[in-house]
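None of the figures in this text is laboratory data; all of them are computed from the coordinates on show. Source: prediction; values computed, not measured. FYI the Cβ positions are ideal-geometry reconstructions off the backbone, even for glycines, and counts take in every protein chain you see.
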């Protein structure tokens with residue numbers, strides 16, 4: 001017996017779409033925003049991304065060469081009229097690139113190109129696609145013979161067009177971290193050299209190490225649980241910046257708490273637990289219990305906001321730091337945003353936010369902003385930054401389309417970034433991003 | 001072929017109606033009320049009519065788990081079996097069984113129970129339990145067995161005393177065969193409790209009755225006939241539509257009898273005006289097709305012509321001296337089938353072919369509608385061929401290439417079409433109308449519903 005079709009697989013760190021997006025969008029020189037670790041990390045990441053973009057380009061060339069080889073085998077070194085049609089989701093620029101490369105590859109086999117009237121062979125290449133792949137089909141017509149058909153296929157990656165963003169007071173930026181088929185619940189970084197990253201999914205906490213510009217699996221720690229996970233599964237992962245080797249990270253899932261420890265090798269113990277989850281990362285000592293068979297927090301707050309220790313059940317919360325205390329915004333299960341100021345529970349009727357919000361310390365404006373999800377164009381959600389002026393949050397950035405449905409939005413350790421997880425409808429993958437804000441000029 | 005203006009309008013309208021992602025996280029609770037046209041007499045997955053409409057697999061999957069599922073990209077994913085292995089010849093497979101899963105009557109889903117269920121579903125396989133796994137031995141290499149096991153008829157069921165019990169996300173609360181089905185969510189479902197508390201399904205309702213139920217607020221989800229989707233959009237209804245996937249075509253009852261017979265079949269295939277059939281009769285509710293698999297799934301459908309060529313049709317017809325009239329049978333309960341059959345008879349007469357439509361089952365040619373059975377191309381092709389009474393597609397190369405390479409499906413489909421046993425006409429779009437409170441709607445590209453992910457905005461947390 002040999003092991004076959006299905007098992008947990010290690011995915012490449014970032015797919016083509018992500019590579020291209022990063023290359024287009026990310027400005028890695030963000031003054032004052034990144035620690036030396038982060039700068040090193042992102043430099044490494046940029047190198048990795050550029051390497052991967054190059055690798056992807058080579059893959060295209062491979063497919064073009066393969067199809068050219070099949071066509072040349074069928075025709076021999078004759079004169080040819082070549083027509084390329086695009087029936088796929090590839091844009092015109094990529095289609096033109098493929099056509100040019102195909103011409104080059106065919107010419108290298110000794111084929112010369114003439115008009116359809118003069119050529120011995122007429123070839124029509126159609127760039128098509130099926131559910132999983134690009135399918136490139138060549139119909140070869142020679143004389144009065146019935147056309148012969150050759151085709152090649154290659155895995156499909158979606159390339160999303162990116163529109164340049166107009167100037168705004170603050171700019172929301174995204175950096176791709178990781179993508180995989182399994183639902184990603186949260187992602188955390190471990191400072192050091194080499195850089196490390198923890199990814200929480202329904203089955204495990206996986207430790208990755210940056211090596212030669214790629215994330216490599218170092219260790220996968222299984223999560224044990226006896227109750228089935230709820231359908232809209234959520235989880236929280238926090239690296240303990242103050243921890244020693246006996247307590248390196250914490251993971252919370254519905255009804256389960258896991259504690260990570262170790263030095264050379266990590267270990268993790270998980271137990272059934274109704275312990276409350278921290279909200280607002282490691283910066284605010286606010287906790288709340290999670291309804292273990294559902295997808296929301298119960299609303300019981302500890303230690304509470306001022307005198308308020310109960311709130312409506314909510315999906316997510318964001319702190320609004322004030323001079324001597326913090327207010328809290330809650331995206332409640334009733335679909336409304338509630339502001340807890342320590343005394344009153346005010347419903348913010350004008351806010352039409354989604355159910356995921358998170359605090360972010362940008363240093364811009366008042367220093368803190370709230371990121372909130374909302375409906376974007378088509379099947380894509382958007383994330384937008386808001387600044388609290390008085391009690392009313394107002395938009396502080398233009399919305400960022402994220403290319404899918406946001407399934408998690410958590411403030412990262414230290415608060416200077418937010419981890420967003422997006423379910424990409426096109427690829428079916430879950431993609432984790434790090435969101436930061438840069439100040440306007 | 002460029003889409004016409006009206007087609008484009010429909011396409012745009014429907015694409016605008018495609019489910020937007022949930023703006024909020026799903027809510028729990030509530031009862032979804034559904035009305036459909038199908039009226040199954042049994043819920044037993046092994047008895048499911050293989051030529052039935054797509055609703056039956058969608059219903060079946062609510063109650064019965066399969067060992068494997070197929071995702072929206074046609075790839076096998078774990079179901080009741082979290083992992084599987086095969087021998088190098090792809091004939092002997094071992095599927096581990098997920099621990100701690102129970103049937104709705106509380107008994108464990110054991111490897112013995114799974115083996116018994118699969119033996120009922122496919123007596124040709126040798127199936128037996130081996131510890132916490134199930135071994136399946138096939139008669140021939142079956143590299144696509146995981147995708148085959150994702151078909152609804154391989155739903156795992158416990159059969160006792162004439163009753164069937166499943167282990168899916170919903171348990172049967174009330175079952176009036178052919179009339180009503182009430183389902184309640186299982187709190188302990190291994191894949192996570194469904195968001196809805198319950199689903200009530202009224203069966204055997206005409207499209208008109210369904211729409212009235214929706215308008216009166218008695219249903220939250222109803223089907224829409226392919227030819228009514230555009231009208232429903234224009235009326236401002238909330239319509240969700242899948243890519244064209246349901247095959248509609250002609251199937252000859254016999255193999256080719258002579259060269260002349262082949263010529264006449266060629267003439268028939270060439271004289272049918274699929275484009276106007278789709279634009280006028282279907283109001284853009286489908287796509288002209290020359291293949292079994294829809295183009296979005298295969299990537300090569302454009303290689304098979306669909307345009308009418310009356311001149312060539314008449315040439316083929318004129319090559320035959322004596323022409324016997326054909327009878328064309330259609331499903332009398334399907335109003336769309338009747339008008340399509342009549343249009344085909346009209347097209348045939350234009351080419352000099354004699355054709356009489358009939359609502360009886362015994363006919364030279366049948367007009368058939370078949371839902372797309374799987375999102376795995378090879379499994380879909382095999383199932384369609386089996387359901388239509390055609391020879392199974394053959395592949396003699398490396399079994400692993402069977403599904404991995406679209407050129408193998410192309411070769412197999414070409415061979416099926418060259419047999420001239422069938423004439424593809426259209427791929428029909430499946431559509432539904434939803435109440436404003438229905439959220440999280442998901443429909444796979446093959447038109448199957450995922451009601452376990454639906455939630456109601458009015459549901460209590």
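Fewest to most neighbouring Cβ within 10 Å: what's the order for A:64, B:266, A:349?
Values: A:64 24, B:266 18, A:349 8.
Lowest to highest Cβ neighbour count: A:349, B:266, A:64.
As an exercise, find the ratio Rg/Rh for region A:390-441 from alpha-carbon atoms, using the Kirkwood inverse-distance average for Rh.
Numbers: Rg = 13.2 Å, Rh = 12.7 Å.
Rounded to two decimals, Rg/Rh equals 1.04.
Checking the a/c ratio against 1.5 first, then a/b against b/c, what shape does the Cα gyration tensor give for chain B? Mind showing how you got there, number by number?
Values: a/c = 1.97, a/b = 1.31, b/c = 1.51.
Verdict is oblate for chain B.
Across the residues of B:288-298, average count of Cβ atoms on other protein chains within 10 Å?
2
Taking 7 Å along the Cα-to-C-beta vector as the label spot, tell me the residue A:343-residue A:273 distance in nanometres, rounded to one decimal.
According to this spin-label approximation, the distance is 3.7 nm.
Hey, can you rank B:177-190, A:393-406 by average C-beta count inside 10 Å, highest first?
Numbers: B:177-190: 17.1, A:393-406: 21.1.
Those peptides, ordered most packed to least, come out A:393-406, B:177-190.
Counting only other chains, and only Cβ atoms inside 10 Å, what mean value do you get across the residues of A:129-139?
Partner-chain Cβ atoms within 10 Å, mean over residues of A:129-139: 6.
Over region B:65-166, what is the mean sequence separation of C-alpha contacts under 8 Å (at least six apart), divided by residue count, expressed as relative contact order in percent?
Contact order relative to length: 31 percent.
How tilted is helix B:5-17 with respect to the longest principal axis of chain B? Cα atoms for both, answer in degrees (0 to 90, nearest 10).
It works out to around 0 degrees.
Could you put B:87, B:44 in order, starting from the residue whose Cβ has the fewest other Cβ atoms within 10 Å?
B:87, B:44
At 7 Å along the Cα-to-beta-carbon direction for both residue A:209 and residue A:146, put a label point, then send me their distance in nm to one decimal.
5.9 nm
Just to be sure I understand the model, the point goes 7 Å from the Cα along the line to the Cβ. What's the resulting residue B:212 to residue B:280 distance in nm?
With each label placed 7 Å out from Cα toward Cβ, I get 3.1 nm.
How much of the DSSP beta bridge set in the protein assembly as shown is antiparallel, as a percent to the nearest 5? Working shown, then result.
Working: 172 of 195 bridges.
Beta bridges within the protein assembly as shown, antiparallel portion: roughly 90 percent.
Ratio of alpha-carbon Rg to the 2.2 N^0.38 Å globular estimate for region A:162-285, to two decimals, please.
1.18
Would you please put B:142-149, A:75-82 in order of how densely packed they are, using the mean number of other Cβ atoms within 10 angstrom per residue and starting with the highest? Could you put the intermediate results ahead of the total?
Values: B:142-149: 25.0, A:75-82: 16.6.
Final packing ranking: B:142-149, A:75-82.
What ranking of A:259, A:100 emerges when the number of other C-beta atoms within 10 Å of each C-beta is taken as an exposure proxy, fewest first?
Numbers: A:259 18, A:100 12.
In increasing order of surrounding Cβ atoms, one gets A:100, A:259.
To the nearest 500 deg cm²/dmol, what mean residue ellipticity at 222 nm is calculated for chain B from DSSP H runs of n ≥ 4 alone, each contributing -39,500 (n - 2.57), summed and divided by the residues? Write out the running numbers ahead of the final one.
On the way: 13 runs with 123 residues, N = 461.
Value at 222 nm, helices only: -7500 deg cm²/dmol.
Would you mind getting me the FRET efficiency between residue A:96 and residue A:116? Use the beta-carbon distance for r and R0 = 22 Å, nearest 0.05. Please list the in-between numbers first.
On the way: r = 20 Å, r/R0 = 0.90.
Once rounded, the FRET efficiency stands at 0.65.
Residue by residue through B:299-308, how many Cβ atoms from other chains fall within 10 Å of the Cβ on average?
Neighbouring Cβ atoms belonging to other protein chains average 4 per residue here.
Working from Cα positions, state the angle (0 to 90°, nearest 10) between the long axis of helix B:406-418 and the longest principal axis of chain B.
For B:406-418 against chain B, the angle is about 50 degrees.
What's the ranking of B:383-395, A:123-135 by average number of surrounding C-beta atoms within 10 Å, highest first? Mind showing how you got there, number by number?
Numbers: B:383-395: 17.4, A:123-135: 21.8.
Top to bottom by mean Cβ count within 10 Å: A:123-135, B:383-395.
Report the FRET efficiency, 1/(1 + (r/R0)^6), for residue B:253 and residue B:414, where r is their Cβ-Cβ distance and R0 is 30 Å, rounded to 0.05. Don't skip to the answer; put the middle values down first.
Details: r = 22 Å, r/R0 = 0.75.
Given R0 = 30 Å and the Cβ-Cβ separation, E is 0.85.
Which value in Å is the Kirkwood Rh of region B:246-428 over different Cα pairs? The partial results should precede the final answer.
Values: mean 1/r = 0.0598 Å⁻¹.
Result for region B:246-428 stands at 16.7 Å.
Three principal axis extents, largest first, for the C-alpha atoms of region B:65-166, in Å?
For region B:65-166, the Cα extents along the three principal axes come out at 38, 29, 23 Å.
Could you estimate the translational diffusion coefficient of the protein assembly as shown from the Stokes-Einstein equation, with Rh from the Kirkwood formula over C-alpha pairs, at 4 °C and 1.567 mPa s, in whole µm²/s?
Numbers: Rh = 29.9 Å.
It diffuses with D of about 43 µm²/s by this estimate.
Between residue A:350 and residue B:163, what's the calculated FRET efficiency when r is the beta-carbon distance and R0 is 60 Å? Round to 0.05.
Numbers: r = 55 Å, r/R0 = 0.91.
Efficiency at R0 = 60 Å is approximately 0.65.
Using the Kirkwood formula on the Cα atoms of region B:104-226, what hydrodynamic radius do you get, in angstrom to one decimal?
Numbers: mean 1/r = 0.0581 Å⁻¹.
Result for region B:104-226 stands at 17.2 Å.
Okay, which of region A:321-364 sit inside 15 Å, backbone N to the point 7 Å along the Cα-Cβ direction of residue A:285?
A:325-326
Taking a spot 7 Å from the Cα of residue B:122 along the direction of its beta carbon, which residues of region B:347-389 have an amide N less than 16 Å from it?
Inside the label zone: B:373-387.
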